[in-house]
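Read-outs: derived from the displayed coordinates by stated rules, not from any lab. Note that the coordinates shown come from a computational prediction; the quantities given were computed from them, not determined experimentally. Note that we place each Cβ from the backbone using ideal geometry, even for glycine, and neighbour counts take in every protein chain shown.
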C-alpha cells in the first residue's frame with residue numbers, strides 16, 4: 001500500500017519537477033513525438049484499438065499461458081546469494097570433545113587448500129563465529145561442533161565445485177554431520193523438517209525412526225538427521241538429604257566437591273605470551289593421585305558447620321578437657337566422604353537436551369534436497385508417506401523448515417491485502433472522479 005501511495009504522489013511530483021518534454025523552438029508545426037520508436041508505438045496502438053476483440057483475447061491467452069508456465073519455474077522461498085564464500089557445518093554426536101573436532105577440521109582444511117579454486121579457509125570450534133555475517137543460521141554452542149568459512153576465487157567456481165566437495169566430505173566422515181551451506185536469508189537451519197509433538201520421548205523416538213527410514217529410502221533427499229542428540233552417560237548420585245543435613249551439607253556442597261575431584265574449580269589464569277592458561281583447584285587422594293572411587297570424594301561445606309559446635313556432647317567434652325579447641329575446630333572445618341551422604345552412585349544414559357515446541361516435547365526429522373532438486377519437490381516426495389504414519393492419541397505431525405516459513409510469510413503478507421485493495425480503489429476514484437478509468441488501470445495491472 002505504501003508503494004502504491006508513493007507511486008501516485010511522489011512519482012508524478014518528481015516527474016513534473018525533473019522531466020521536461022522537448023518543445024519545438026519555432027512555430028513550424030512539427031510534431032513533438034517523432035521518430036521510429038514513436039511511429040512503431042503509434043501503429044501498435046492503432047492496430048490494438050481497431051482489433052479490440054482479437055487483441056483482448058490474445059492478451060488473455062498470454063496471461064493464462066504465463067500462469068501455466070509458472071509451474072515450471074524453480075520454486076524457492078529465498079534464493080541463495082551470489083557470493084564467493086560459503087560455510088561448512090561439522091557436528092559430531094554429543095559426548096565427543098573439541099579435540100577430535102579440531103583434528104577433523106584440520107584434515108578438512110588441508111584437503112580444501114589443495115584445491116585451486118579455494119583461496120582461504122577459516123576454522124571455528126564450539127559455535128558460530130561472532131559478528132561476521134548475519135545472513136545465515138546460527139548453531140547451538142557445543143564442544144562437538146565446528147565450522148569452516150571457505151573463500152572461493154569467484155561465485156561461479158563455488159557453484160561448480162560445491163556438490164563435489166559435499167560428496168567427498170560426506171563419504172570421508174560418515175559418523176559426522178557435514179553440510180556445506182551458501183548464504184541465504186532463510187532463518188531455518190534445515191530446508192525440510194518434519195516435527196512430531198507428544199508427551200513420551202520413547203514414542204517420539206519411534207515416530208522419528210519411522211520418518212527417518214522413509215527419508216533414507218527417498219532418493220530426492222540427503223543428509224538426514226534429527227534435532228535430538230544420542231544419549232550420553234550421566235553420573236547420578238542418590239542424595240541422602242537427612243544424612244547430609246545432619247552433617248551441615250547441602251546439594252551445592254556435593255556439586256562443588258565433585259567438581260574439585262573431577263575437572264577442578266577454576267581459580268585464576270596466567271599467560272604464556274598471548275596464550276591464556278587457566279589454573280584449577282583439584283582434590284587428590286592421600287597418595288597425591290586423582291580420586292578413582294567417587295564414593296571416597298571428600299565433601300566439604302563452603303561455610304563452617306555449627307552442628308558440631310551446638311552439640312551438647314561436644315560441649316561437655318570441651319568443658320571436661322577431653323576435647324581440645326583444635327580438635328573441635330578441625331571437626332567443624334573437616335570433610336565427609338561422599339558415600340556417607342548418598343544412597344548410591346551409578347551411571348545412567350539420558351538425553352542431553354529435550355527440545356520443546358509450544359510447551360510440548362518435540363522431535364524433528366531434518367534433511368536437505370539432493371543437488372539439482374527443488375526443496376518443495378523433495379518435501380513432497382516424502383510428505384505423502386510421512387503423513388501416512390499412524391500417530392497415537394495425543395501426538396501430531398507438523399511441517400517446519402522452509403514450508404513453515406513460507407506459510408507464515410504468506411499469512412502475514414495477505415492478512416491486510418483486502419484492506420489495501422479497497423484503499424487503492426478509493427484513491428483512484430478520488431483522483432479521477434470516475435469508475436471507468438480506475439477499472440482500466442486495474443485491468444492493466
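Were the residues from residue 274 through residue 16 laid out at 0.36 nm apart, the gain over their Cα-Cα distance would be 86.4 nm.
Suppose each label sits 7 Å from its Cα in the direction of the beta carbon; what would the residue 238-residue 423 distance come out to in nanometres? Roughly 6.8 nm, to one decimal.
Taking R0 as 51 Å, what's the FRET efficiency between residue 319 and residue 360 from their Cβ-Cβ distance, rounded to 0.05? The partial results should precede the final answer.
Values: r = 64 Å, r/R0 = 1.25.
It comes out at approximately 0.20.
For the stretch 78-187, the calculated P(r), taken from all Cα-Cα distances in 10 Å bins from zero up to the bin holding the longest distance, is 14, 49, 34, 4 percent. Rg and Dmax, both from the Cα atoms of the stretch 314-443 and both in Å, are 35.9, 114. Here the label points at residue 120 and residue 351, each 7 Å from Cα along the C-beta direction, are separated by 4.2 nm in the simple model. Using the Cβ-Cβ distance between residue 408 and residue 160 with R0 = 35 Å, the FRET efficiency computed as 1/(1 + (r/R0)^6) comes to roughly 0.55. GNM remark for the chain: springs join alpha carbons under 10 Å apart, and the peak mean-square fluctuation among 142, 409, 250 falls on 250. Taking the fewest neighbouring Cβ atoms within 10 Å as the starting point, the ordered list for 4, 228 is 4, 228.
Please arrange 212, 42, 136 by counting, for each residue, the other beta carbons lying within 10 Å of its beta carbon, fewest first. Mind dumping the intermediate values first?
Numbers: 212 17, 42 11, 136 20.
In order of increasing Cβ crowding within 10 Å: 42, 212, 136.
Exposure proxy ranking for 187, 72, based on other Cβ atoms within 10 angstrom of each Cβ and starting from the fewest, stands as 72, 187.
Which of the three applies to the chain, rounded, prolate or oblate, going by the alpha-carbon gyration tensor with a ≥ b ≥ c and a/c under 1.5 meaning rounded? Cα axes put the chain in the prolate bin. Each of residue 385 and residue 444 was given a label point 7 Å from its Cα along the Cα-to-Cβ line. The distance between the two points is 5.3 nm.
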